[in-house]
Amino acid sequence: MKKQIEKAAEILKETLSVAVLTGAGVSAESNIPTYRDADGLWNQFQAQDLATLEAFSKNPATVWEWYSYRQQLMLKCEPNPGHKIFVEMEKYFPEFTLITQNIDGLHQRAGSKDVVELHGNVMKARCMKEEEKVFDFIAGDNYLPKCEDCGSLIRPHVVWFGEMLDSEVIGKATSAAANCEVFIMSGTSAVVYPAAGLPLIAIRNGAKLIEINLEETPVSDYAEISIRGKSGEILPEIWKLVKGDK
Ligand code: OAD
(Lines give C-alpha, C1' and ligand atoms only; values in the text may rest on other atoms or scores of the structure.)
Protein backbone atom coordinates (compact mmCIF):
# COMPACT_ATOMS: atom_id res chain seq x y z
CA MET A 1 0.00 0.00 0.00
CA LYS A 2 2.76 2.48 0.98
CA LYS A 3 4.53 1.79 -2.33
CA GLN A 4 1.33 2.43 -4.29
CA ILE A 5 0.75 5.69 -2.47
CA GLU A 6 4.33 6.76 -3.24
CA LYS A 7 3.93 5.76 -6.88
CA ALA A 8 0.66 7.69 -7.18
CA ALA A 9 2.39 10.76 -5.75
CA GLU A 10 5.30 10.36 -8.19
CA ILE A 11 2.88 10.26 -11.13
CA LEU A 12 0.99 13.32 -9.91
CA LYS A 13 4.21 15.29 -9.43
CA GLU A 14 5.03 14.85 -13.11
CA THR A 15 1.58 15.91 -14.25
CA LEU A 16 0.03 19.16 -15.41
CA SER A 17 -3.39 17.90 -16.39
CA VAL A 18 -5.72 15.89 -14.16
CA ALA A 19 -9.34 14.80 -14.35
CA VAL A 20 -11.14 13.24 -11.39
CA LEU A 21 -14.29 11.15 -11.19
CA THR A 22 -15.87 10.73 -7.77
CA GLY A 23 -18.78 8.64 -6.57
CA ALA A 24 -20.76 8.03 -3.40
CA GLY A 25 -17.73 6.49 -1.65
CA VAL A 26 -16.03 9.88 -1.27
CA SER A 27 -19.00 11.09 0.77
CA ALA A 28 -19.30 7.88 2.82
CA GLU A 29 -16.91 9.27 5.43
CA SER A 30 -19.26 12.24 5.71
CA ASN A 31 -21.98 9.76 6.71
CA ILE A 32 -23.88 9.87 3.45
CA PRO A 33 -24.95 6.37 2.43
CA THR A 34 -23.61 4.90 -0.79
CA TYR A 35 -25.84 3.04 -3.23
CA ARG A 36 -24.47 -0.47 -3.67
CA ASP A 37 -22.53 -1.26 -0.50
CA ALA A 38 -24.17 -3.65 1.98
CA ASP A 39 -25.90 -0.72 3.75
CA GLY A 40 -26.34 1.20 0.49
CA LEU A 41 -29.56 2.88 -0.62
CA TRP A 42 -30.30 0.41 -3.41
CA ASN A 43 -30.14 -2.41 -0.88
CA GLN A 44 -32.80 -0.69 1.25
CA PHE A 45 -35.03 1.01 -1.30
CA GLN A 46 -36.36 0.05 -4.71
CA ALA A 47 -34.81 2.40 -7.25
CA GLN A 48 -37.71 1.95 -9.66
CA ASP A 49 -40.14 3.24 -7.00
CA LEU A 50 -38.12 6.36 -6.16
CA ALA A 51 -35.69 7.29 -8.88
CA THR A 52 -37.54 7.04 -12.18
CA LEU A 53 -39.82 9.39 -14.06
CA GLU A 54 -42.49 6.67 -14.01
CA ALA A 55 -42.41 6.56 -10.21
CA PHE A 56 -42.61 10.35 -10.00
CA SER A 57 -45.49 10.49 -12.48
CA LYS A 58 -47.42 7.89 -10.47
CA ASN A 59 -46.64 9.14 -7.01
CA PRO A 60 -44.79 12.48 -6.84
CA ALA A 61 -45.37 12.91 -3.10
CA THR A 62 -43.63 9.62 -2.26
CA VAL A 63 -40.67 10.56 -4.43
CA TRP A 64 -40.48 14.07 -2.98
CA GLU A 65 -40.70 12.71 0.57
CA TRP A 66 -37.66 10.54 -0.12
CA TYR A 67 -35.68 13.41 -1.68
CA SER A 68 -36.69 15.72 1.16
CA TYR A 69 -35.40 13.13 3.64
CA ARG A 70 -32.13 12.92 1.71
CA GLN A 71 -31.84 16.71 1.55
CA GLN A 72 -32.18 16.94 5.33
CA LEU A 73 -29.64 14.17 5.84
CA MET A 74 -27.11 15.72 3.48
CA LEU A 75 -27.56 19.21 4.93
CA LYS A 76 -26.39 17.85 8.29
CA CYS A 77 -23.22 16.37 6.78
CA GLU A 78 -19.87 18.07 6.38
CA PRO A 79 -17.18 17.56 3.73
CA ASN A 80 -14.40 15.18 4.78
CA PRO A 81 -10.61 15.27 4.18
CA GLY A 82 -11.05 13.51 0.81
CA HIS A 83 -13.23 16.34 -0.53
CA LYS A 84 -10.66 18.85 0.72
CA ILE A 85 -7.80 17.32 -1.27
CA PHE A 86 -9.72 17.95 -4.50
CA VAL A 87 -9.94 21.61 -3.52
CA GLU A 88 -6.13 21.63 -3.18
CA MET A 89 -5.74 19.87 -6.52
CA GLU A 90 -7.93 22.43 -8.27
CA LYS A 91 -5.57 25.18 -7.15
CA TYR A 92 -2.43 23.20 -7.90
CA PHE A 93 -2.75 21.64 -11.35
CA PRO A 94 -2.78 23.97 -14.37
CA GLU A 95 -5.55 21.84 -15.90
CA PHE A 96 -7.99 20.22 -13.55
CA THR A 97 -11.54 18.96 -13.90
CA LEU A 98 -13.56 17.53 -11.05
CA ILE A 99 -16.39 15.31 -12.27
CA THR A 100 -18.79 13.85 -9.75
CA GLN A 101 -21.70 11.47 -9.81
CA ASN A 102 -22.70 12.76 -6.38
CA ILE A 103 -25.73 14.94 -5.93
CA ASP A 104 -24.87 16.09 -2.39
CA GLY A 105 -22.95 19.27 -3.24
CA LEU A 106 -20.19 18.41 -0.73
CA HIS A 107 -17.40 19.12 -3.21
CA GLN A 108 -18.65 22.69 -3.55
CA ARG A 109 -19.15 23.01 0.20
CA ALA A 110 -15.54 21.84 0.68
CA GLY A 111 -14.44 24.72 -1.59
CA SER A 112 -14.16 23.23 -5.10
CA LYS A 113 -15.01 26.03 -7.51
CA ASP A 114 -15.78 24.13 -10.67
CA VAL A 115 -17.61 20.83 -10.34
CA VAL A 116 -19.10 18.88 -13.22
CA GLU A 117 -22.20 17.31 -11.68
CA LEU A 118 -23.13 14.40 -13.92
CA HIS A 119 -26.27 13.40 -12.03
CA GLY A 120 -27.53 16.80 -10.92
CA ASN A 121 -27.83 18.24 -7.44
CA VAL A 122 -30.32 17.22 -4.78
CA MET A 123 -30.57 20.79 -3.44
CA LYS A 124 -32.00 21.97 -6.77
CA ALA A 125 -35.33 21.45 -8.51
CA ARG A 126 -36.77 22.21 -11.89
CA CYS A 127 -40.17 22.90 -13.37
CA MET A 128 -41.77 19.87 -15.06
CA LYS A 129 -43.19 22.10 -17.78
CA GLU A 130 -40.27 24.43 -18.38
CA GLU A 131 -37.33 22.08 -17.81
CA GLU A 132 -34.74 24.84 -18.26
CA LYS A 133 -36.04 26.52 -15.08
CA VAL A 134 -33.60 25.17 -12.48
CA PHE A 135 -33.41 26.69 -9.01
CA ASP A 136 -32.21 26.03 -5.46
CA PHE A 137 -34.92 24.22 -3.55
CA ILE A 138 -35.34 22.62 -0.13
CA ALA A 139 -38.58 20.67 0.04
CA GLY A 140 -39.10 20.53 3.82
CA ASP A 141 -42.51 18.90 4.35
CA ASN A 142 -43.95 20.14 1.07
CA TYR A 143 -44.16 16.93 -0.91
CA LEU A 144 -46.10 18.37 -3.86
CA PRO A 145 -44.15 21.55 -4.58
CA LYS A 146 -45.25 23.76 -7.48
CA CYS A 147 -43.47 26.17 -9.78
CA GLU A 148 -43.96 29.72 -8.50
CA ASP A 149 -44.33 31.04 -12.05
CA CYS A 150 -46.62 28.57 -13.79
CA GLY A 151 -48.01 26.35 -11.01
CA SER A 152 -46.74 23.10 -12.56
CA LEU A 153 -45.25 20.42 -10.39
CA ILE A 154 -41.51 20.74 -9.87
CA ARG A 155 -39.11 17.79 -9.67
CA PRO A 156 -35.72 17.15 -8.09
CA HIS A 157 -32.92 18.29 -10.40
CA VAL A 158 -31.29 14.88 -10.50
CA VAL A 159 -30.86 12.27 -13.20
CA TRP A 160 -33.15 9.29 -12.74
CA PHE A 161 -32.78 5.79 -14.14
CA GLY A 162 -33.57 5.72 -17.82
CA GLU A 163 -32.86 9.44 -18.28
CA MET A 164 -30.16 10.97 -20.45
CA LEU A 165 -27.44 13.11 -18.94
CA ASP A 166 -27.36 16.78 -19.90
CA SER A 167 -25.39 16.83 -23.16
CA GLU A 168 -23.28 19.85 -22.20
CA VAL A 169 -22.36 18.30 -18.86
CA ILE A 170 -21.37 14.89 -20.26
CA GLY A 171 -19.58 16.67 -23.12
CA LYS A 172 -17.42 18.59 -20.65
CA ALA A 173 -16.67 15.41 -18.68
CA THR A 174 -15.80 13.43 -21.81
CA SER A 175 -13.51 16.15 -23.08
CA ALA A 176 -11.70 16.36 -19.73
CA ALA A 177 -11.29 12.56 -19.68
CA ALA A 178 -9.97 12.50 -23.24
CA ASN A 179 -7.47 15.31 -22.66
CA CYS A 180 -6.02 14.64 -19.23
CA GLU A 181 -2.67 13.04 -18.47
CA VAL A 182 -3.88 11.45 -15.25
CA PHE A 183 -7.39 10.32 -14.40
CA ILE A 184 -8.19 9.78 -10.73
CA MET A 185 -11.23 7.74 -9.82
CA SER A 186 -12.44 7.45 -6.26
CA GLY A 187 -15.41 6.10 -4.37
CA THR A 188 -17.33 4.71 -7.31
CA SER A 189 -18.33 1.15 -8.15
CA ALA A 190 -17.89 2.15 -11.83
CA VAL A 191 -20.97 0.32 -13.01
CA VAL A 192 -23.23 3.21 -14.02
CA TYR A 193 -22.76 4.53 -17.54
CA PRO A 194 -21.86 6.90 -19.06
CA ALA A 195 -19.81 7.88 -15.96
CA ALA A 196 -18.13 4.48 -15.83
CA GLY A 197 -16.93 4.95 -19.41
CA LEU A 198 -14.92 8.07 -18.55
CA PRO A 199 -11.84 6.30 -17.11
CA LEU A 200 -11.78 4.08 -20.20
CA ILE A 201 -11.89 7.12 -22.49
CA ALA A 202 -9.00 8.59 -20.51
CA ILE A 203 -6.93 5.41 -20.80
CA ARG A 204 -7.64 5.04 -24.53
CA ASN A 205 -6.29 8.55 -24.96
CA GLY A 206 -3.06 7.78 -23.14
CA ALA A 207 -3.87 8.85 -19.57
CA LYS A 208 -2.76 6.97 -16.49
CA LEU A 209 -5.55 5.85 -14.19
CA ILE A 210 -5.19 6.08 -10.41
CA GLU A 211 -8.01 4.41 -8.52
CA ILE A 212 -8.74 4.77 -4.81
CA ASN A 213 -11.64 2.62 -3.70
CA LEU A 214 -12.58 0.30 -0.87
CA GLU A 215 -13.20 -2.56 -3.26
CA GLU A 216 -12.08 -3.70 -6.68
CA THR A 217 -14.13 -2.36 -9.60
CA PRO A 218 -14.53 -3.32 -13.27
CA VAL A 219 -11.82 -0.80 -14.19
CA SER A 220 -9.26 -1.77 -11.51
CA ASP A 221 -7.38 -3.99 -13.95
CA TYR A 222 -6.82 -1.04 -16.28
CA ALA A 223 -5.43 1.19 -13.54
CA GLU A 224 -1.76 2.11 -13.30
CA ILE A 225 -2.31 2.27 -9.55
CA SER A 226 -5.30 0.82 -7.75
CA ILE A 227 -5.38 1.42 -4.02
CA ARG A 228 -7.83 -0.31 -1.68
CA GLY A 229 -8.69 2.15 1.05
CA LYS A 230 -10.80 5.10 2.13
CA SER A 231 -10.58 8.21 0.03
CA GLY A 232 -10.54 10.44 3.12
CA GLU A 233 -7.42 8.64 4.34
CA ILE A 234 -5.52 7.72 1.16
CA LEU A 235 -5.92 11.02 -0.73
CA PRO A 236 -4.36 13.12 2.09
CA GLU A 237 -1.45 10.67 2.27
CA ILE A 238 -0.81 10.93 -1.47
CA TRP A 239 -1.18 14.70 -1.36
CA LYS A 240 1.28 15.10 1.49
CA LEU A 241 3.93 13.43 -0.69
CA VAL A 242 3.04 15.51 -3.77
CA LYS A 243 3.23 18.80 -1.87
CA GLY A 244 6.27 17.80 0.17
CA ASP A 245 8.58 17.62 -2.81
CA LYS A 246 7.53 20.61 -4.85
P1 OAD B 1 -21.89 2.95 -5.40
O2 OAD B 1 -22.64 2.79 -4.12
O3 OAD B 1 -22.32 2.13 -6.56
O4 OAD B 1 -20.35 2.67 -5.16
C5 OAD B 1 -19.65 3.27 -4.11
C6 OAD B 1 -18.22 2.73 -4.14
O7 OAD B 1 -17.47 3.43 -3.17
C8 OAD B 1 -18.12 1.24 -3.80
O9 OAD B 1 -17.26 0.62 -4.75
C10 OAD B 1 -17.50 1.24 -2.40
O11 OAD B 1 -16.65 0.14 -2.18
C12 OAD B 1 -16.70 2.51 -2.42
N13 OAD B 1 -16.48 3.14 -1.10
C14 OAD B 1 -17.32 3.16 -0.03
N15 OAD B 1 -16.80 3.92 0.95
C16 OAD B 1 -15.61 4.39 0.49
C17 OAD B 1 -14.60 5.25 1.03
N18 OAD B 1 -14.69 5.77 2.26
N19 OAD B 1 -13.53 5.53 0.26
C20 OAD B 1 -13.42 5.00 -0.99
N21 OAD B 1 -14.33 4.19 -1.54
C22 OAD B 1 -15.41 3.89 -0.81
O23 OAD B 1 -21.91 4.52 -5.74
P24 OAD B 1 -21.60 5.23 -7.14
O25 OAD B 1 -20.56 4.52 -7.89
O26 OAD B 1 -21.41 6.66 -6.85
O27 OAD B 1 -26.91 7.51 -9.76
O28 OAD B 1 -22.99 5.04 -7.89
C29 OAD B 1 -23.13 5.56 -9.18
C30 OAD B 1 -24.54 6.06 -9.39
O31 OAD B 1 -25.47 5.01 -9.08
C32 OAD B 1 -24.96 7.18 -8.46
O33 OAD B 1 -24.55 8.45 -8.91
C34 OAD B 1 -26.45 7.06 -8.47
C35 OAD B 1 -26.59 5.55 -8.35
O36 OAD B 1 -27.76 5.02 -8.87
C37 OAD B 1 -27.98 8.29 -9.86
O38 OAD B 1 -28.64 8.60 -8.89
C39 OAD B 1 -28.29 8.70 -11.24
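The values are calculated or read from the model by the stated rules, or taken from the named source; none is laboratory data. Model, not experiment: these values are computed from the prediction. As a convention, Cβ positions derive from the backbone with ideal geometry for all residues, glycine included, and neighbour counts pool all protein chains shown. Note: accessible area is taken over every heavy atom of the protein model, side chains too, but ligands, DNA and RNA are not part of it. Shrake-Rupley method; radii C 1.70, N 1.55, O 1.52, S 1.80 Å.
Helical content of the chain, expressed as a calculated mean residue ellipticity at 222 nm, amounts to -11000 deg cm²/dmol (DSSP H runs of 4 or more residues, -39,500 (n - 2.57) each, divided by residue number, nearest 500). Under the criterion of Cα pairs below 8 Å and six or more residues apart, the relative contact order for the chain equals 25 percent.
Using a 1.4 Å probe on the protein chains only, how many percent of the accessible area of the chain belongs to carbon and sulfur? Exposed carbon and sulfur together represent 51 percent of the surface.
Rg and Dmax over the alpha-carbon atoms of segment 43-90 stand at 15.4, 44 Å.
Dividing the C-alpha radius of gyration of segment 139-246 by 2.2 N^0.38 Å, with N its residue count, gives 1.43. Annotation: per residue accessible area for segment 44-128 equals 43 Å², rounded to a whole number [probe 1.4 Å, protein chains only].
Past the 30 Å Cα-Cα mark, which pairs from Lys2/Lys84; Lys91/Lys129; Lys3/Lys172; Lys13/Lys172; Lys2/Lys124? The partial results should precede the final answer.
Details: Lys2/Lys84 21 Å; Lys91/Lys129 39 Å; Lys3/Lys172 33 Å; Lys13/Lys172 25 Å; Lys2/Lys124 41 Å.
With Cα atoms farther than 30 Å apart: Lys91/Lys129; Lys3/Lys172; Lys2/Lys124.
Take each peptide in 43-56, 193-206, count the other Cβ atoms within 10 Å of every residue, and average; sorted highest first, the result is 193-206, 43-56. Per residue, segment 138-246 exposes 50 Å² of accessible surface when a 1.4 Å probe is rolled over the protein heavy atoms with every protein chain present.
Stretching the chain fully between Glu168 and Glu130 yields a gain of 11.9 nm (0.36 nm per residue, less the alpha carbon separation).
A straight chain from Glu78 to Tyr222 at 0.36 nm per residue would run longer than the Cα-Cα distance by 48.6 nm.
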